[in-house]
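Some notes on the structure that comes next.
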Amino acid sequence: MKNELQRYGLTTTQAAFWLDVEPEYLAAALKATDCPQWLSYCIDGMDKEFDEDPEVFDYYRLGSQLQEQSWSAITARASIPVLIEQAKKGEAISYGDLDSELRRRDPTRKSAGTLQKYGIPLGIIGDVIEEIRKEAGDADAKIGAENALMPPIETLVVRGREWQPGKGINGFMISYLTLRGERGAEDLMLLDRDRRKAVDRIQSDIFAWKDWSVLEKLAR
């Protein structure tokens, strides 16, 4: 069954998303001496879909959201190198400065107009980082296990007046803090002073992170 997943170009984690099961559950089934009947049915179905359309599983591959040609995906790809540079410098960046920097690097790019539009591109980056973390725990993946703790670099983009990220980023912060062992991470988002402390902690982790190469490659 492992060979089938390799044929589709999927890791166990990616196949689990497509099958809507937990990766650990699928991994255990793949290791079983006798293949469970449910998995045989699933593989048969995947075979038929793949034979009809070899690109059917492309969406489930790591970083697939970044490869789309929508404005949001293009903006997410373009933003990643900027954010990595900011992380290395140990500095956050405002929405306005990010928009200006992207237009400086690409003179054909137009102003985003409403800076709230950056919420979707930053959400794509957040989703991809969470995918990277999950893939890093997959023995089939070709990325190092150390990436399982990659911090949410999109937290570096802040509102100019408050110098804090928008509330739309809360879910990614909660996910990361919970991963790092923080109890009641959701409660930290309720009061401004607690949220500021959480942001400071996460940004410190971002500044300390040494290797963004996996994310960088996905943005090319």
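Within the stretch 22-37, the set of residues being aliphatic (A, V, I, L, M) and either in contact with a Phe, Trp or Tyr (Cβ under 9 Å, 6 or more places away or on another chain) or closer than 18 Å to Phe50 by Cβ (or both) comprises Leu26, Ala29, Leu30.
Condition check ((1) touching a residue at least 24 places away in the same chain (Cβ under 8 Å); (2) part of a helix (DSSP H, G or I); (3) surrounded by 14 or more Cβ atoms within 10 Å (Cβ to Cβ)) across all residues:
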| residue | (1), (2), (3) |
| --- | --- |
| Glu4 | yes, yes, yes |
| Ala15 | yes, yes, yes |
| Leu26 | no, yes, yes |
| Trp38 | no, yes, no |
| Tyr41 | no, yes, no |
| Phe50 | yes, yes, yes |
| Gln65 | yes, yes, yes |
| Gln69 | no, no, no |
| Ala76 | yes, yes, yes |
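Within the option set Ala148, Ala198, being more than 30 Å from Leu10 (Cβ to Cβ), small (Gly, Ala, Ser) and under 20 Å from the mean Cα position of the chain (by Cα) holds for one residue only, Ala198. Applying the set (1) closer than 30 Å to Lys31 by Cα; (2) at pLDDT 95 or above; (3) open to solvent by 70 Å² or more (accessible area, probe 1.4 Å) to Glu146 leaves exactly one unmet item: (2).
The C-beta contact set for the stretch 188-216 (first residue touching a residue at least 40 places away in the same chain (Cβ under 8 Å), second residue open to solvent by 70 Å² or more (accessible area, probe 1.4 Å) and in a helix (DSSP H, G or I), distance under 8 angstrom, 6+ apart or interchain) comprises Asp211/Glu146. Regarding Leu83, is this residue in contact with a helix residue (DSSP H, G or I) (Cβ under 9 Å, 6 or more places away or on another chain), at pLDDT below 95 and not acidic (Asp, Glu)? Answer is no for this residue. Select from the stretch 135-181 the residues that are touching a Phe, Trp or Tyr at 6+ places or on another chain (Cβ under 9 Å) and among the β-branched types (Val, Ile, Thr) and list them in ascending order. Those that are touching a Phe, Trp or Tyr at 6+ places or on another chain (Cβ under 9 Å) and among the β-branched types (Val, Ile, Thr): Ile153, Thr155, Val157, Val158. Restricting attention to the stretch 199-219, does a residue exist that is farther than 21 Å from Ile80 by Cβ, open to solvent by 70 Å² or more (accessible area, probe 1.4 Å) and either aliphatic (A, V, I, L, M) or not in a helix (DSSP H, G or I) (or both)? The answer is no, given that none of the residues of the stretch 199-219 is farther than 21 Å from Ile80 by Cβ, open to solvent by 70 Å² or more (accessible area, probe 1.4 Å) and either aliphatic (A, V, I, L, M) or not in a helix (DSSP H, G or I) (or both). Checked against the criteria, Val128 counts as under 21 Å from Ile153 (Cα atoms) and crowded, with 20+ Cβ neighbours inside 10 Å. When residues in the stretch 52-63 are screened for being open to solvent by 70 Å² or more (accessible area, probe 1.4 Å) and in contact (Cβ under 8 Å) with a residue 40 or more places away in the chain, 1 of them pass. Residues in the stretch 151-168 that are under 13 Å from Ile129 (Cα atoms) and either assigned to a loop (DSSP other than H, G, I, E, B) or not charged (D, E, K, R) (or both): Pro151, Pro152, Ile153, Thr155. Filtered by the rule that a residue be open to solvent by 20 Å² or more (accessible area, probe 1.4 Å) and either in a strand (DSSP E or B) or in contact with a Pro (Cβ under 9 Å, 6 or more places away or on another chain) (or both), the stretch 131-143 gives Lys134, Gly137. Per the listing Ala112, Ala87, the residue uniquely closer than 18 Å to Ile153 by Cα and touching a residue at least 12 places away in the same chain (Cβ under 8 Å) is Ala87.
The values are calculated or read from the model by the stated rules, or taken from the named source; none is laboratory data. Predicted model only: the values in this text are computed from it and were never measured. For neighbour counting, all protein chains shown are included, and Cβ atoms are generated from backbone atoms with ideal geometry for every residue, glycine included. Keep in mind that these areas ignore ligands, DNA and RNA; they rest on the heavy atoms of the full protein, side chains included. Shrake-Rupley method; radii C 1.70, N 1.55, O 1.52, S 1.80 Å.
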